[in-house]
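Asker: This structure is in structure tokens; I'll ask about it shortly.
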Amino acid sequence: CDLLGARRASNGLIEVLSLPSPSTVAPERLRGHQRAPSEDVYALGAIGYELVTGKPAFTGRTALDAAFGHLKAAPEAPSKAATPGWVSSTFDAFLLRLLDKDPEARPADALGLVTELEQLMRASGEGLSEAKVQERIDSLLQQPESEELASALDAAAGAYRAREIGRASCRERV
């Protein structure tokens, strides 16, 4: 097994080369370990990190610098790198767990990841009422220049909307 991922296909005749992206490569892949679903979980964590923050979890002047980050550095918390109010502490913890250097600390595979994400989405709107969303609207109306209040309202409205849509789809199934 080489670090570039050269593999012989199951028919034994064709070599398949799969190169990981420097922005999403799992540490165990860089260490030359056997491929495993945990690499895909890590890659999805890296993609999710970039989606919510607007930047890769690890960067550098070269691809090697980024790869070294995946091996040794801890990413900045997504809530610190993203627009204030966009990333909850629970989603922060979820993304950082996906980017854990230890594959055993991540969900085992895509099914485990989806299960955890569904639980996270269900819980994200709990405790958020229409009244609390209205409070955030009123605060923003008093301070319309506040980016922080606008982001908090955006996050609250999204969580509230997701919860209500989830409830509606549950009622439709019954």
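The values are calculated or read from the model by the stated rules, or taken from the named source; none is laboratory data. None of the values given here were measured: they were computed from a predicted structure. Heads up, the Cβs are rebuilt from the backbone with ideal geometry, glycines too, and the neighbour counts pull from every protein chain shown. When the accessible area is computed, the model is the full protein with side chains, heavy atoms only, and any ligands, DNA or RNA have been set aside. Shrake-Rupley method; radii C 1.70, N 1.55, O 1.52, S 1.80 Å.
Asker: Please tell me if Glu76 is open to solvent by 60 Å² or more (accessible area, probe 1.4 Å), at pLDDT 90 or above and either touching an Asp or Glu at 6+ places or on another chain (Cβ under 8 Å) or not in a helix (DSSP H, G or I) (or both). Spell out the reasoning first.
Answerer: Values: open to solvent by 60 Å² or more (accessible area, probe 1.4 Å): yes; at pLDDT 90 or above: yes; either touching an Asp or Glu at 6+ places or on another chain (Cβ under 8 Å) or not in a helix (DSSP H, G or I) (or both): yes.
Yes: the conditions hold for Glu76.
Asker: Give me the pairs, please: first residue somewhere in region 27-39 and free of Cβ contacts under 8 Å to residues at least 12 places away in the same chain, second residue anywhere and crowded, with 19+ Cβ neighbours inside 10 Å and among the acidic types (Asp, Glu), beta-carbon distance under 9 Å, and either six or more positions apart or on two chains.
Answerer: Final answer for the pair search is His33/Glu39.
Asker: Being at pLDDT 85 or above, assigned to a loop (DSSP other than H, G, I, E, B) and surrounded by 14 or more Cβ atoms within 10 Å (Cβ to Cβ) is the requirement here; does Ser38 meet it?
Answerer: Working: at pLDDT 85 or above: yes; assigned to a loop (DSSP other than H, G, I, E, B): no; surrounded by 14 or more Cβ atoms within 10 Å (Cβ to Cβ): yes.
No.
Asker: Is at least one residue of region 90-107 part of a loop (DSSP other than H, G, I, E, B) and surrounded by fewer than 14 Cβ atoms within 10 Å (Cβ to Cβ)? So that I can check it myself, show each step before the final result.
Answerer: Pass one, region 90-107, residues part of a loop (DSSP other than H, G, I, E, B): 99-102, 106-107.
Now drop any that are not surrounded by fewer than 14 Cβ atoms within 10 Å (Cβ to Cβ), which leaves 102.
Scanning region 90-107, I find at least one residue that is part of a loop (DSSP other than H, G, I, E, B) and surrounded by fewer than 14 Cβ atoms within 10 Å (Cβ to Cβ), so the answer is yes.
Asker: For the structure I just gave you, tell me whether Thr83 is among the β-branched types (Val, Ile, Thr) and open to solvent by 60 Å² or more (accessible area, probe 1.4 Å). Outline the logic, then answer.
Answerer: Values: among the β-branched types (Val, Ile, Thr): yes; open to solvent by 60 Å² or more (accessible area, probe 1.4 Å): no.
Considered against the rule, which asks whether it is among the β-branched types (Val, Ile, Thr) and open to solvent by 60 Å² or more (accessible area, probe 1.4 Å), Thr83 comes out as no.
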